[in-house]
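The values are calculated or read from the model by the stated rules, or taken from the named source; none is laboratory data. Since the model is a prediction, treat every value here as computed from it, not as a measurement. FYI the Cβ positions are ideal-geometry reconstructions off the backbone, even for glycines, and counts take in every protein chain you see.
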Amino acid sequence: MSDATLQHIALLAAKRARLLEAQLDAESQYLASVIRQHRSGDLTYIDLALLYDGYRDASGPVPGFSKRWTDAGLPHPSRLSHARAAVRCARESRWEGAFPLSDDTVVPIRGVSVVYLLFDRFNVPCYVGSTIRLRQRLKEHARDGKVFIRWQAHACSDRADAYRIESEWLARYQPYLNSQGASDEHVG
């Protein structure tokens, strides 16, 4: 009986080796396709992050998939972390966080129209604005001397929608750091 069991183990090991070889061949074909698309400029970093995550999930327990990815000439997975955050961000419609921002704070990706509130240390809304570049805008506010410890942003369908909501929020919250209302924030 033990000889038959050993033969069975050997057959399974040979089958596993053939399956691994077939998987690695399929991965090579996939990576070649991704690198062609990447080099032709057809893929954004967000596309690459999604493709890498799918590749990682499909590879299963076979170690070394990240090395095979980078050996193919694709960006290191750590360089795709901001793109992953952008994907998560694109699925959201509301963001909030502390200020100053940390490198891993998730904010709307550049180009997403938002209306935002800044809060002082007493949690009072002290500023209302709208922008398509929130991370940069928050840093500009701090450089301009506005003191705030927390922020909140809400997605808008477009800039016109953002301006409309910003005007409503200015009337509702009457933030003390807004000097002339909505018109002084429409800078992007």
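Y30 fulfils the conditions (1) within 30 Å of L138 (Cβ to Cβ); (2) part of a helix (DSSP H, G or I) except for a single criterion, (1).
Yes/no per residue for (1) of a type in the set (K, R); (2) touching a His at 6+ places or on another chain (Cβ under 9 Å); (3) in the same structural domain as S102 (by TED's automatic domain parsing):
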residue: I9; (1), (2), (3): no, no, no
residue: R18; (1), (2), (3): yes, no, no
residue: S66; (1), (2), (3): no, yes, no
residue: L74; (1), (2), (3): no, yes, no
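Residues that are closer than 12 Å to A72 by Cα and at pLDDT 90 or above within segment 8-38 comprise E27, S28, Q29, Y30, L31, A32, S33, V34, I35, R36, listed in sequence order.
Among the residues of segment 143-169, those identified as surrounded by fewer than 18 Cβ atoms within 10 Å (Cβ to Cβ), within 19 Å of V106 (Cβ to Cβ) and not basic (K, R) are I149, Q152, A155. All conditions in (1) surrounded by 13 or more Cβ atoms within 10 Å (Cβ to Cβ); (2) at pLDDT 85 or above; (3) among the hydrophobic types (A, V, I, L, M, F, W, C) hold for C89, with the sole exception of (2).
Of all the listed residues (L43, L48), the sole one being surrounded by 10 or more Cβ atoms within 10 Å (Cβ to Cβ), under 27 Å from the mean Cα position of the chain (by Cα) and not in a helix (DSSP H, G or I) is L43.
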